Structures are given as C-alpha cells and as structure tokens.
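Report on the structure given below.
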Ligand SMILES: [Zn+2]
Ligand SMILES: [Zn+2]
Ligand SMILES: [Zn+2]
Ligand SMILES: [Zn+2]
Ligand SMILES: [Zn+2]
Ligand SMILES: [Zn+2]
Ligand SMILES: [Zn+2]
C-alpha cells in the first residue's frame, strides 16, 4: 500500500488523467503488418507480395539480394503508404532500371531554376524548396520530368496506365484517353454515334 501511494505522489499527473479519445491519426491505408512475401529470389518483379502492396521487405521475408523498389524508397525515407497511392509511381517503379540513380538525379524546376533531387520531391505533389517560392510540382514517372501542378497538373490515367495531356479524360467506352479540353467535351466516339445511328440503347449498355 505504502509503496503504491509513494508512486502516485511522484507522478501527480497520472491521478487526474481522464480517459482521452484516441487522437485522430494520419490516415493509413492498412494497419502496420509484418510484411512477408514468398519470394526466394530478389523481388525484382511485381509478383513480389511486398512490392505489390507498396511495402518494403522485412525480416520475415526470405528473399535474397532483394531489390524490391519499395525497400529502396524506404532507404531514402520516402513515405511508403503515400507512394503506394501514387498510381504513376506504381505503374512505373518496376521499369526504372537504376532506381537509386534516378532518386539521386538532379532536376531543375522552372519556377525559379532551383535544383532538386528526386528523392526530396516524393511522393505526390511537392513544393519548390526555393526561397519564398513554394511552387507546386509533381513528378511524372512516365515522362521523367516535373509537371507544373499549378497550371497543367499531372494526369496519370489509371486505366491507360500512363500520363497524358492534363486536359485528357478516359472514355470507358472506347477504353482510351481523349482530349476533353477545359469544358469536358465528350469522347469523339460518342459524337460519331449520335450522328451515325439512332440506336440509343447502346448508351446504357456501355455503362458498366
Ligand atoms: Zn518479395
Ligand atoms: Zn518481401
Ligand atoms: Zn524482398
Ligand atoms: Zn521555385
Ligand atoms: Zn504517369
Ligand atoms: Zn470513346
Ligand atoms: Zn485513359
């Protein structure tokens, strides 16, 4: 009893501690799990279960000479859950031959001719580190350059799996991107249809 009281006295703050609500943490796509892929090789391909989820390989992985690109991103302290949500990154990361070299590559931002290394500008939209600049850029893995996010934002089509014109849009009907312009014109395939036939039923069939 006595020792318990003494312990309380040394920590007066714990006495009136009210049960607090759990703090709203930053959104995470999934709770941290122990990553584990079944690879026996070097995790070079998309087949690797860790890489597929955008996770680095861990101690429980049995891979050898691992080159899982997400392990490399982690080496450079790049936020992996964020990176995994970048479709342009996800569609390209396995195609980059020398990922470390790419991450250390220097790019000049047109806003103020500031030189940056790719590793410091990932993932997703980043701000120019130039003094009093802060201009928004986003790296396109498809084009290997920085895209002016303020005027011509990056448009990476998840279905075509490549970057396109920022005024582009994807047509589910002909399954390709087309130029939609600022006002969101319909795909030319629909225009042809309106002129060419009276068959309006097809419109509804095209919607998945
Ligand atoms: Zn693996
Ligand atoms: Zn693994
Ligand atoms: Zn691995
Ligand atoms: Zn700048
Ligand atoms: Zn892209
Ligand atoms: Zn179309
Ligand atoms: Zn598309």
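Summary of computed values
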{"quantity": "Sequence of 183, 139, 107 once ranked by neighbouring C-beta atoms within 10 Å, starting from the fewest", "calculated": "183, 107, 139"}
{"quantity": "Mean Cα-pair separation over length for segment 89-140, i.e. relative contact order, pairs under 8 Å, 6 or more apart, %", "calculated": "25"}
{"quantity": "Order of 182, 127, 170, 156 - criterion: other Cβ atoms within 10 Å of each residue's Cβ, fewest first", "calculated": "182, 127, 170, 156"}
{"quantity": "Relative exposure of 133, 50, 177, judged by other C-beta atoms within 10 Å (fewest first)", "calculated": "133, 177, 50"}
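Read the figures in this text as sums done on the coordinates, not as results from a lab. The structure displayed is predicted, hence computed values, not measured ones. Please note: Cβ atoms are built from the backbone with ideal geometry, for glycine as well, and neighbour counts cover all protein chains shown.
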